[in-house]
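As structure tokens, the structure follows; a few thoughts come after it.
FYI, it's all coordinate maths here, none of it is from the lab. Model, not experiment: these values are computed from the prediction. Reconstructed Cβ throughout: ideal geometry from the backbone, glycine too, with neighbour counts over all protein chains shown.
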Amino acid sequence: MLTAPASNGPSQRLTLPWWRDAVIYQVYVRSFLDSTGDGIGDLAGVRSGLPYLKKLGVDGIWLSPFYPSPQHDHGYDVADYTGVDPVYGDLGEFALLVGDAHRLDIKVLLDIVPNHCSSEHPWFQQALAAGPGSEARSRFHFVPGRGPGGDLPPNNWHAMFGGPAWSRVTEADGTPGEWYLHMFTPEQPDLNWRNPAVGALFDQVLRCWLDRGVDGFRIDVAAGLFKHPELPDSPDPEADARTRDSVNPLAWNQPEVHQVWRRWREVCEEYTALDGRERLLVGEVSVPTAREHALYVRPDELHQAFFFDLLGAAWDASAFRTVITDALRDIAGTGSSVTWVLNNHDQVRTVTRYGESDPKGSGLGAARARAAALLMLALPGAAYVYQGEELGLPEVVDLPDEVLTDPIFRRTGSRARVRDGCRVPLPWSGHASPFGFSAGTQVKPWLPQPGWFAEHATDRALADPRSFWHLYREGLQLRRGLPQLGEGALRWLESPPQVLAFERGDGLICAVNFGTEPVPAPAAGAPLLSSGTCPAGTLPGSTAAWWVVASATNPHARPISSQ
């Protein structure tokens, strides 16, 4: 339960840029709320859900792509970067959404996809028609094949979603022609950022949406964009690979990409200079180490980049401590703030991931997910929360093959790493599908909702003070009200091997018991907030808790235990 903390004076975050310690809620538009009854979420649905998000206490929202698209990868194959797909609404509805969000003091971030576009984008259609050697083809990676007649792909690169990273086109005269690069699917051709026209296009795209009032951008595949200019074979071919992480050093993390982020930062700074509102650039940066990650958030590049190592860490106190230490040393050391995530639209939901053999995670998985949420909210920096995590939603692991839409499944025939299970439309109310997600009761959502979603519906969560929702809300309230949280120092405390304990600022203790057996609490008295039942003096297994303790500036807070 939430207890009112003793005051430590005015919050220092009043003088900081809003994004440094913001908590942003990721809205997967297609699955958030359907206003039209077609089974697909839309912008009007997001707008109607804003009061819910305001009550939860988030600082902003990140909207998944809603641009015109053939939906081969549900919007990450963009056919028009400056419009709205009719399935999601129109520009008028977008303007209403931004206006309502700003009236509620909620920032709006858009998802922008600069590494690749749709094969139906006008540029790619022009490239197909123009033929080899044309200016239109130079905006992409069109090259001849290898072997007799050019029948073999230009190199051994593999696509992230399975299969080769190359497809061959048929030329206008009907003959087999050049090959083009697509690091995801054939419907998502990679843009050639060595052609200045590509950078000029995205300058226009940024300004278009900044002129419409957005507060910043989440950048898809931010370590991509540039490929080795000679397109040589990868030293890590993995010929039988199905799906791959960003391990090909010739296709990812090329040094030239930093020039793009410096340019985009300049554009954002221009708008900030006009009205004082700081616009945010946060990148999806998948690189091997925190030190490489830090290069993307230098003062003249991205403001922030998602730090995924916490998401991927094993449920182990030592593993979490190493991840946190590396991030604070290498990333916060640049002057940026770490951007923590536990989940997103590409990952197995936290409850299931931590639940080991129990997909629904009703016991151990739920307890660990609650503890991890409190830990994340206590760390210095910003945090992103994927929709449904505040409801404790598990992954839907038994969707039938015939309803799966993820291109990973289409490309590989395997359910491994398929992402549909975390994208099932949210349950809002009632006891049967569509659970208030759609305007009509007989509507079939674009992905089927299981009957047990009723247990996690928003109306039940709001009515139950012990729910995930209330834990998140209370954590967000304290995070906003306590000057020790958000930005500021972190000091590790001595603790048993299975416990992670640290102090934030002047007298806020956070401890997480990664084990299964209770241990003595690091502070006396009942905690300010805990992820589970936490008797005074004890920290149960799979539980996190916060305490405010005595300090020179806050002598009325609870004293540190002598244990």
Residue-by-residue Karplus 3J(HN,Hα) for segment 505-513, coefficients 6.51, -1.76, 1.60, Hz, glycine and proline x: x, 10, x, 9, 9, 10, 9, 10, 9
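Give the shape of segment 200-353 as rounded, prolate or oblate, defined through the alpha-carbon gyration tensor: a ≥ b ≥ c are the square roots of its eigenvalues, a/c under 1.5 means rounded, and otherwise the shape is prolate if a/b is larger than b/c and oblate if not.
On the way: a/c = 1.81, a/b = 1.26, b/c = 1.44.
Because a/c hits 1.5 or more and a/b fails to exceed b/c, segment 200-353 counts as oblate.
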Sites L104 and E230 - FRET efficiency at Förster radius 56 Å, r taken between beta-carbons, to 0.05: 0.65
From phi via Karplus (6.51, -1.76, 1.60), per-residue ³J(HN,Hα) for segment 72-78 in Hz, x at Gly/Pro: 5, 10, 6, x, 7, 10, 8
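Where does each of 436-443, 340-347 land if you order them by average Cβ count within 10 Å, highest first?
340-347, 436-443
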Packing-based exposure ordering (other Cβ within 10 Å, fewest first) of K55, K227: K55, K227
Interchain or long-range residues, amide H under 5 Å from H116's placed H: L191
Answer label for Cα extents along the principal axes in Å (calculated), chosen among (1) 82, 52, 49; (2) 134, 77, 47; (3) 89, 53, 43: (1)
Exposure proxy order (Cβ contacts within 10 Å, fewest to most) of I24, I106: I106, I24
Gain upon complete extension [D275, R417; 0.36 nm per residue less C-alpha separation]: 46.8 nm
For segment 450-520, the Rg and Dmax computed from alpha carbons only, in angstrom: 16.2, 47
Separation of the K54 and D151 label points, Cα + 7 Å toward Cβ, nm: 6.5
Estimated FRET transfer efficiency when R0 is 56 angstrom, pair T533-Q126 (beta carbons, to 0.05): 0.35
Gyration tensor (alpha-carbon) shape descriptor, segment 303-402, a/c threshold 1.5: prolate
Approximate spin-label separation R298-D346, in nm, with each point projected 7 Å along Cα-to-Cβ: 2.4
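Would you mind ranking E269, E395 so that the residue whose beta carbon has the fewest other beta carbons within 10 Å leads the list? It would help to have the intermediate numbers written out before the result.
Values: E269 13, E395 25.
Lowest count first: E269, E395.
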